[in-house]
Amino acid sequence: MNHSEYLEQNKDRFLNELLEILRIPSVSADSKYAEDVKRTAAFVAEKLKAAGADNVEICPTAGHPIVYGEKFVDAALPTILVYGHYDVQPADPVELWHSPPFEPVIKQTEEHPEGAIYARGACDDKGQMYMHVKAFESMMNTGSLTCNVKFMIEGEEEVGSANLGTFIKANKEKLKSDVVLVSDTSMIANDTPSIDVGLRGLAYMEVEVVGPNRDLHSGVYGGAVANPATILCQMIAAMHDENNHITIPGFYDDVITVSDADRAEMAKAPFSEEAYKKDLGIAETWGEKGYSTVERTSIRPTLEVNGIWGGYIGEGSKTVLPSKANAKISMRLVPGQNSHKISDLFKAYFENAAPANVKVTVTAHHGGEPVLTPTDSVEFRAAAMAMEKTFGKKPIPTRGGGSIPIIALFEAELGIKSVLMGFGLDSDALHSPNEKYGLFNYYKGIETIPYFYQFYAELNK
Ligand code: BES
Ligand code: MN
Ligand code: MN
């Protein structure tokens, strides 16, 4: 039996196991779920062991544990380090889900006629991570494991992977591999495979603007005292100019611009502006002048308000001039930019821009560096061949708009490149209510991964 036949025979069980792990609410950001996060790690460890991995460990960290496991076949074969994450984003706003986020259901949609699993983490990243466990099982049970493999599945990706960084630095020998294989990104469409050859970096900031020493009656004091909410909104609005360029001095200094030839190549990938607007329910797109929607979400840096609050937000009305206002603001970075430098520029700008009638505090949260992966490498070719084999079409190289901060660290600390062979879709609603993952995508991933191992071993000979 080959691995595809094995998949065919075990489809239902592979699905049921995924549904089982999706039922555990492994929200890394919320300490209330710490026990569930632990149970999820134990689930992954147990399944790796059952599939035939050796030296399976649940490695404790200062935060959530890392699951490790390996299978050594032959010193002459290359070693693949599989990275993924079993933690998920918080499910809120829960009231916007059509079914409970941790009670997966399968429904058909126009985009997923074979059915899609609705649950938090279905695509990001439990569904995609678990494909690797099942592909490994398939290779083990059909005698077709053609590479050595090490699994490193973490529980803190959605909160910045700080402890994984420490783990990597402390375990360089143990993690020694030739390439990192990751499925935590998306492709263009189910009939248009693509492989991300870049990811953006991230600098995440929190700001506080404080005015008067207490909340004030807005009639008695309003008009004479600067309102921190108004000031904060003005400061935020001023960070984009009329061309939607970011106004922080020096922000674009290190951006490596993409050549016109590369931009023309990128523009060939199928993309419908109309379908994009329709999907999001917006009349117009928005963004930096001179760039397309795809470019704005891949090769250009951006600045977004992730949250903003202050004053009275309860039921009814309360006439108040708030003492303070806050916002969480993040910037997506592109190759050339450095998250620490950008955080410093933001801080300096924001502190300077504050008028004398308020005090501002700027704190930096987690960040991460952008990555670019070559398309002429053995690993990219192996991934492209694997996808071509199972989709019947050559995948298009694309640049992802999201961030996986640890990828840059793999290169810096372990000296190895990553290949981002993702099977999700942008429309799978990652981080949003009603996240989903197509059954087509789940099974296609399990079918494709063993071919990556096969072609990677062949190309390394
Ligand atoms: N899997 C995503 C990143 C992603 C999604 C990359 C789609 C490309 C396409 C990952 O889990 C994620 O959400 N990363 C965070 C960063 C993290 C530090 C919270 C992000 O991009 O916001
Ligand atoms: Mn992810
Ligand atoms: Mn995510």
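Structure values in brief
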| quantity | calculated |
| --- | --- |
| Cα-based Lys proximity count in the stretch 385-444, under 24 Å, for pairs eight or more positions apart or on separate chains | 7 |
| Additional length obtainable on full extension of the chain from His240 to Ser259, 0.36 nm per residue less Cα span | 4.4 nm |
| Bins of 5 Å, starting at 0 and running to the largest distance - Cα pair percent for the stretch 81-163 | 3, 13, 17, 19, 17, 15, 11, 5, 2, 0 |
| Spatial separation of Cα centroids for the stretch 336-413 and the stretch 39-104, in angstrom | 23 Å |
| Kirkwood-based shape ratio for the stretch 54-200, expressed as Rg/Rh from alpha carbons | 0.99 |
| For the stretch 180-282, radius of gyration divided by Kirkwood radius, i.e. Rg to Rh on alpha-carbons | 1.13 |
| Computed over the stretch 257-371, Cα set: Rg, Dmax in Å | 18.9, 57 |
| Amide proton proximity set for Leu216, modelled H, under 5 Å, gap of 5+ | Leu321, Ser323 |
| Cα point-scatterer Debye curve for the stretch 7-72, base-10 log of I(q)/I(0) at q = 0.16, 0.27 Å⁻¹ | -0.61, -1.15 |
| Computed P(r) (all Cα pairs; the chain; 20 Å bins; percent) | 23, 55, 20, 2, 0 |
| Solvent-free Debye scattering, log10 I(q)/I(0), computed from the Cα coordinates of the stretch 49-108 at q = 0.13, 0.15, 0.16 Å⁻¹ | -0.63, -0.75, -0.79 |
| Distant-in-sequence amide H partners of Ile195 (H built 1.01 Å from N, under 5 Å) | Ile396, Thr398 |
| Cα-based Rg / Dmax (Å) for the stretch 338-461 | 20.2, 68 |
| For Trp97, solvent-accessible area (1.4 Å; no DNA, RNA or ligand), Å² | 20 Å² |
| Accessible heavy-atom area order of Leu232, Leu414, highest first, probe of 1.4 Å | Leu414, Leu232 |
| Cβ-defined net charge surrounding Lys461, 15 Å radius [Lys, Arg +1; Asp, Glu -1] | -3 |
| The stretch 152-295: Lys pairs at Cα distance under 22 angstrom, eight or more positions apart or on different chains | 5 |
| Environment charge at Pro433 (Cβ cut-off 15 Å; Lys +1, Arg +1, Asp -1, Glu -1) | -4 |
| Ellipsoid semi-axes in whole angstrom, largest first, where each is sqrt(5λ) of the Cα gyration tensor of the stretch 161-230 | 50, 23, 8 |
| Solvent accessible area, Å² - Lys176, 1.4 Å probe, full protein context | 130 Å² |
| Per-residue HN-Hα couplings for the stretch 354-365 [Karplus 6.51, -1.76, 1.60; θ = phi - 60°; Hz; x = Gly/Pro] | 6, x, 5, 7, 9, 10, 10, 10, 10, 10, 9, 8 |
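The values are calculated or read from the model by the stated rules, or taken from the named source; none is laboratory data. Remember, predicted model here, so these are calculated numbers, not experimental data. Neighbour counts run over all protein chains shown; Cβ positions are idealised from the backbone, glycine included. Keep in mind that these areas ignore ligands, DNA and RNA; they rest on the heavy atoms of the full protein, side chains included. Shrake-Rupley method; radii C 1.70, N 1.55, O 1.52, S 1.80 Å.
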